[in-house]
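First comes the structure, then the notes that go with it.
The values are calculated or read from the model by the stated rules, or taken from the named source; none is laboratory data. These numbers come from a predicted model, not from an experiment. Because the Cβ atoms are built from the backbone with ideal geometry, glycine has one as well, and the counts that use them run over all protein chains shown. For accessibility, only protein heavy atoms count, side chains too; no ligands or nucleic acids. Shrake-Rupley method; radii C 1.70, N 1.55, O 1.52, S 1.80 Å.
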Amino acid sequence: AETSIPERTCVGCRRRAPVTDLLRVVARAGALVPDPRRRLPGRGASVHPTPECLGAAERRRAFTRALRLPGSSPLEAGPLRDHVRRLST
């Protein structure tokens with residue numbers, strides 16, 4: 001039987017893509033944490049691991065919405081940005 005790969009919408013560019021092309025992101029202690037193995041508990045948001053999509057998602061505050069976080073407290077995105085930067089070099 002052929003296993004179909006689930007799709008998610010990138011919170012940056014809003015395009016649908018297979019989960020294998022997207023990076024799962026979770027919120028941990030007020031920071032956005034990359035979850036490349038898709039194993040961390042809790043609600044995740046998916047984003048293409050590119051500086052463009054990450055930047056778009058941050059500008060639109062898409063992570064706060066997608067992760068259904070209370071309030072408008074800004075999330076620390078440093079670790080996530082570093083991770084994406086490493087992937088895209």
Handout entry: the chain: calculated mean residue ellipticity at 222 nm from DSSP helix runs of at least 4, using -39500 (n - 2.57)
Key = -7000 deg cm²/dmol
Completion exercise
Between Ser4 and Arg65, the two model label points (7 Å from Cα along the beta-carbon direction) sit apart by a distance in nm of 2.6 nm
Handout entry: Solvent-accessible area, 1.4 Å probe, carbon plus sulfur percent, for the chain
Key = 51 percent
Completion exercise
Note on the chain: C-alpha Rg/Rh, Kirkwood Rh, two decimals, gives 0.96
Completion exercise
Each label sits 7 Å from Cα toward the beta-carbon; between Thr89 and Asp21 the label points are separated, in nm, by 2.6 nm
Handout entry: Solvent-accessible area per residue for the stretch 1-84 (1.4 angstrom probe, square angstrom)
Key = 62 Å²
Exercise for the section: Report the extension gain between Ser73 and Arg28 in nm, rounded to one decimal, defined as 0.36 nm multiplied by the number of residues separating them, less their alpha carbon distance. Expected result: 14.9 nm
